[in-house]
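Beneath this line is the structure, given in structure tokens, with notes to follow.
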Amino acid sequence: MIFDIEMIKKVYAQFPERVDKARQVVGRPLTLAEKILYTHLWDGTRGRELVARAFVRGKDYVDFAPDRIACQDATAQMALLQFMQAGKSKVAVPTTVHCDHLIQAKEGAATDLKVATEQSKEVFDFLSSVSNKYGIGFWKPGAGIIHQIVLENYAFPGGMMIGTDSHTVNAGGLGMLAIGVGGADAVDVMAGMPWELKFPKLIGVKLTGKLSGWTAPKDVILKVADILTVKGGTGAIVEYFGEGAKSLSCTGKGTICNMGAEIGATTSTFGYDEAMRRYLLATGREEVALAADAIAPYLTADPEVYADPEKYFDQLIEIDLSTLEPYINGPFTPDRGTPVSKMKEVARANDWPLEVQWGLIGSCTNSSYEDLTRAVSVVKQALEKRITPKASFGINPGSEQIRYTTERDGIIDIFEQLGTRVFTNACGPCIGQWDREGAEKQEKNTIVHSFNRNFSKRADGNPNTHAFVASPEIVAALAIAGRLDFNPITDTLLNDQGEAVKLTPPYGEELPSKGFAVDDPGYQAPAEDGSNIEVVVSPTSNRLQLLTPFAPWDGKNITGAKLLIKAQGKCTTDHISMAGTWLRFRGHLDNISNNMLIGAVNAFNGKTNSVKNQLTGKYDEVPKVQRAYKAAGIPSIVVGDHNYGEGSSREHAAMEPRYLGVRAVLVKSFARIHETNLKKQGMLALTFANEADYDKIQEDDVINFLDLTSFAPGTPLHLEFVHKDGSKDVITCNHTYNAQQIGWFKAGSALNQLKEKSEREK
């Protein structure tokens, strides 16, 4: 079955005319990213308009009409709870829900999936019934990881989609602009409204040469992350091109795009090519391939762009794949890159634990058929050369289709011969859903994985687990060696007979020679008419809670606000709203708010989850202090450092402070998705006009807004910080709110405004 084929044909039927018009209006050749952006402009009637003017990159806010939406089960709960308030009978664009986050990895697939379906039955039943009622496709637990499912079934060259997960960008491997958003953004599009985005800047990455030996697509993005850092792509689309790009497989391209979320990029993409065509055919979408072939020149950049990229991109990076070395990135941040040849000296210089205890392969970025065949080619050598792996192995296949096919082809069996633990086709350790034996001891240790994120406590909850990111094949080699400083290109290993043996470079199959196969992919189509389907949420549930609209702004300056926390250093969405065991509360705003900012470091005492309650003068947990302020009717603000909200798209990091009474977040800089999420929930997202003012803020400060009543686009706000000794500092705060976004603030949230509009239209 080909999903959304009529929608895809409609997009393609209009694509050439819209690109030609855009090229005429802009007055120059266009990048692929620009072509997709300009062909998806909102026209005010759920359709698209021809280009009327050229937009300024990094400045103009633009309304878009995405083709489709995808939601994973953890974020879908809150998104669909919000959609239920929107007053709509059916989603306006094709939408899917994927159950992949709420499955803990522990014993192995069979046991873990059974436990998850029992423990989260209430949530899965809720998602299934809501999907059925509102015309949403539902992928059951065990079907696979959302982004792999999208790549296999829904992604198409030249399309635009949004998803309630930052790694939605995986679909860029099939030539889409696929962008991670918060749930409120998704709700707007589900309800037939436009999706707003600041027109992105463009980063071009020219790939020359060809990968060989131990180097893999993962190494391309590990190198890019090392160059750009976790915030270097903020507000930009990364477009890969060149002969090197064409030499990569479709899923390899997906790997590169996927991890682009770790550099803060809006999304990443590649132009349509033969590798994408092969993948479409292999996954049963010949009709999509033929339709793309018919307009192929429009599904990549104009030739002049790639011939002279400096003229068309805001930043250009060149990487020679022929000389690129395998990278190992980490620990504790995905942008700290170390070439495999340098790890011996770097690891020792930093006192990183050299013994590798686990090697984990999979996740949405590295769980394809190609990934597993290349990794197993290394694992197979351990069997043939009689090497007992020194570390434990775990794999997460990307989808049931991949699991079934790899089992048919004997790949799973080879892994299992080495004692590999085959986890469910789900996220597992990548998102903190790993019940790792011994993690509670919090011992210093090293693991290697092909996942993207390696923040402290991310995989197993242990702050002392040093997690390093590498390609699946390098992960396999390091796990076999049991050493972080092992270089498979040059080093030998002693086998069980004491013989020195050397691993040979990995090899694999881009696509299965016998084709993909699956018994039950795990898909549930929605009812044709969902009007009679009842969605029940128990008022006593501790997993699900119906939402109550946030209060609108009272039109007055906020005064007498307390400083809740001045967060120091890295403060990601993991620090603001942890995943792991807290995932079970993603549908219950009150319960999950008990994790608000518990991972943030308090600048005044260097501790986590310990802030001064200004009402009592005593230190307590952050959520408890904020609940005390809320009970007393006292507003508060949060202060943070650079790139605040880095990481995932989870809107709980914005909803929890809003729910508990925080009114504003003032930081040196924001991660894109988090800033938008704050705006959507009716929060004030502000940045220091002078970053040095961060140092002026004191622990016992009382904060007064001086000119919120004059809140307007392009006009700074001024906050008065009254210190304990009576002295004051007035701090100038910038913001990026436009008129529409100020309307969200005044209404109490974007959803409140949407609901009001829906009620007027009835």
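The values are calculated or read from the model by the stated rules, or taken from the named source; none is laboratory data. This structure is a prediction, so every number in the text was calculated from the model and none was measured. When we count neighbours, we look across all protein chains shown, and the Cβ atoms used for this are built from the backbone with ideal geometry, even at glycine.
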In the stretch 691-731, residue surrounded by the most Cβ atoms within 10 Å (Cβ to Cβ) [restricted to those that are β-branched (Val, Ile, Thr) and closer than 21 Å to residue 566 by Cα]
703
Say whether the condition of being hydrophobic (A, V, I, L, M, F, W, C), in the same structural domain as residue 431 (by TED's automatic domain parsing), within 23 Å of residue 260 (Cβ to Cβ) and buried (at least 24 other Cβ atoms within 10 Å of the Cβ) is met by at least one residue in the stretch 483-496.
no
Which numbered condition residue 468 fails, given (1) surrounded by fewer than 24 Cβ atoms within 10 Å (Cβ to Cβ); (2) of a type in the set (Phe, Trp, Tyr); (3) within 22 Å of the chain's Cα centre (by Cα):
(1)
Within the stretch 231-243, restricting to residues that are touching a Lys or Arg at 6+ places or on another chain (Cβ under 7 Å) and within 18 Å of residue 310 (Cα to Cα), the one that is surrounded by the fewest Cβ atoms within 10 Å (Cβ to Cβ) is 242
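Have a look at 448, 475 and point out the one that is of a type in the set (A, V, I, L, M) and outside any helix (DSSP H, G or I). Break it down into steps so the answer makes sense when it comes.
Details: 475 fails: outside any helix (DSSP H, G or I).
Answer to the selection: 448.
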Among the residues that make up the stretch 709-718, is at least one of them closer than 17 Å to residue 675 by Cα and assigned to a strand (DSSP E or B)?
yes
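If we keep just the residues of the stretch 438-465 that are among the hydrophobic types (A, V, I, L, M, F, W, C) and more than 18 Å from residue 339 (Cβ to Cβ), which is farthest from the chain's Cα centre (by Cα)? Full working, then the answer.
Let us first name the residues in the stretch 438-465 that are among the hydrophobic types (A, V, I, L, M, F, W, C), namely 439, 447-448, 451, 455, 459.
When the remaining residues are screened for being more than 18 Å from residue 339 (Cβ to Cβ), the result is 439, 447, 451, 455, 459.
Details: 439: 25, 447: 22, 451: 12, 455: 14, 459: 16 Å.
Among residues in the stretch 438-465 that are among the hydrophobic types (A, V, I, L, M, F, W, C) and more than 18 Å from residue 339 (Cβ to Cβ), the one farthest from the chain's Cα centre (by Cα) is 439.
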Filter pass, residue 748 being free of Cβ contacts under 8 Å to residues at least 60 places away in the same chain and among the small types (Gly, Ala, Ser):
no
Complete set of residues in the stretch 1-13 that are surrounded by 19 or more Cβ atoms within 10 Å (Cβ to Cβ) and touching a helix residue (DSSP H, G or I) at 6+ places or on another chain (Cβ under 7 Å):
8, 12
Checked the stretch 289-328 for anything assigned to a loop (DSSP other than H, G, I, E, B) and either over 23 Å from residue 199 (Cα atoms) or among the polar types (S, T, N, Q) (or both); matches are 295, 300, 321, 322, 323, 324, 325, 326
Can you name the residue in the stretch 386-399 that is within 22 Å of the chain's Cα centre (by Cα) and assigned to a loop (DSSP other than H, G, I, E, B) and, of all such residues, is nearest to residue 477 (Cα to Cα)?
397
Give just the number: which of (1) at pLDDT 95 or above; (2) in contact with a strand residue (DSSP E or B) (Cβ under 6 Å, 6 or more places away or on another chain); (3) not hydroxyl-bearing (Ser, Thr, Tyr) does residue 671 not satisfy?
(1)
Could you say whether any residue in the stretch 388-403 is among the aliphatic types (A, V, I, L, M), modelled with pLDDT under 95 and touching a strand residue (DSSP E or B) at 6+ places or on another chain (Cβ under 7 Å)?
no
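Residue by residue, here is whether (1) within 20 Å of residue 474 (Cβ to Cβ); (2) not aliphatic (A, V, I, L, M) holds:
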site	(1), (2)
214	yes, yes
222	yes, no
231	no, yes
245	no, no
254	yes, yes
260	yes, yes
Selection count where residues are more than 23 Å from residue 283 (Cα to Cα) and not in a loop (DSSP other than H, G, I, E, B), scope the stretch 356-385
13
